[in-house]
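The values are calculated or read from the model by the stated rules, or taken from the named source; none is laboratory data. Note that the coordinates shown come from a computational prediction; the quantities given were computed from them, not determined experimentally. Backbone-built Cβ (ideal geometry, glycine too); neighbour counts: all protein chains shown.
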Amino acid sequence: MKSIAIINFKTTGPSTDNGDRPFEVGAVIMRKRHVEAHYHSRINTGVLVRPDILSRHKLTPQAIQQEPTANSVMQELSSFLEPIPLAAHNAGFHCRFLDAEWARIGQTRHQDCACSRLLSRRLYANTLDHRLVAMIDALRLSQLTRNPSALTDAEMAGYLFTHLVTDLKRRYAFKKVSHAFLCEDSTRFEATVRSRCAARKPSVWVRPLTLWPAETRLRSWLAASHYTYLRKLLNFMKHRLKRAL
């Protein structure tokens, strides 16, 4: 897997069945942890965008009306993405909108789409929050400006995805990780990983990395510090008691 295309949509709502449409799209092509190319455009679909969404993205209805139409944007996006393997954070959501928009122009998606959110759940099962920003912060991967942009989210998802693939290769001694393997269901994925673990010597197994939220890490540190203080105090009292006797 030499290159991977990461997509991200900003939409008017969560479901294509309710008539929701994207009003912004961002896509990047990652190669060896670097952004090789990018595509970004806002979209005028003719669908009303809620005021709270416009405010969050610092847009106005007039600005949306001046953007390119959905047909022209999707034609450009199709040329940008094919035939590169796809990935997204929460791939089911983004691919539903991609498929719906491409269907409007008679285009069909031929690539499977790997999900960095699902992969992060598989590798960091003890992490409570697998959202994009939470994983980026926990792994300290990117210092990008956190502006509400589809392109920024696509870049962050790209950095996260390449890190997860590298971590997967390191843990289970994969020389290469194919895009098809990352798109497999949980049963086949776990079976492959278990077979890799069984083939390795226990002495070289890599213990899975566990990430914890900042609050949990702070509580653990305070508990450990409190225990250390009590242990030192108890030893001091024992020493003074022996001297007194």
Could you tell me whether any residue of region 134-146 is surrounded by 15 or more Cβ atoms within 10 Å (Cβ to Cβ), over 21 Å from H57 (Cα atoms) and of a type in the set (K, R)?
no
Region 64-107, subset touching a residue at least 12 places away in the same chain (Cβ under 8 Å) and small (G, A, S), residue surrounded by the fewest Cβ atoms within 10 Å (Cβ to Cβ)
G92
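Quick check: anything in region 37-53 over 30 Å from K176 (Cβ atoms), in the same structural domain as H163 (by TED's automatic domain parsing), part of a helix (DSSP H, G or I) and not acidic (D, E)?
Checked against the condition, which is being over 30 Å from K176 (Cβ atoms), in the same structural domain as H163 (by TED's automatic domain parsing), part of a helix (DSSP H, G or I) and not acidic (D, E), region 37-53 yields at least one hit.
Counting only residues that are polar (S, T, N, Q) and over 15 Å from the mean Cα position of the chain (by Cα), give me the helices (runs of 4 or more DSSP H) lying completely in region 66-185 with at least 1 of them.
Details: elements: 70-81, 91-104, 116-123, 132-139, 150-172, 179-182.
Per the criteria, 70-81.
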Going through S78, S120 one at a time, which residue ends up being touching a helix residue (DSSP H, G or I) at 6+ places or on another chain (Cβ under 7 Å), assigned by TED's automatic domain parsing to the domain that holds E190 and within 21 Å of L160 (Cα to Cα)?
S120
What about S15, is it surrounded by fewer than 18 Cβ atoms within 10 Å (Cβ to Cβ), polar (S, T, N, Q) and in a helix (DSSP H, G or I)?
no
In region 18-41, how many residues are in contact with a helix residue (DSSP H, G or I) (Cβ under 9 Å, 6 or more places away or on another chain) and over 30 Å from K2 (Cβ atoms)?
3
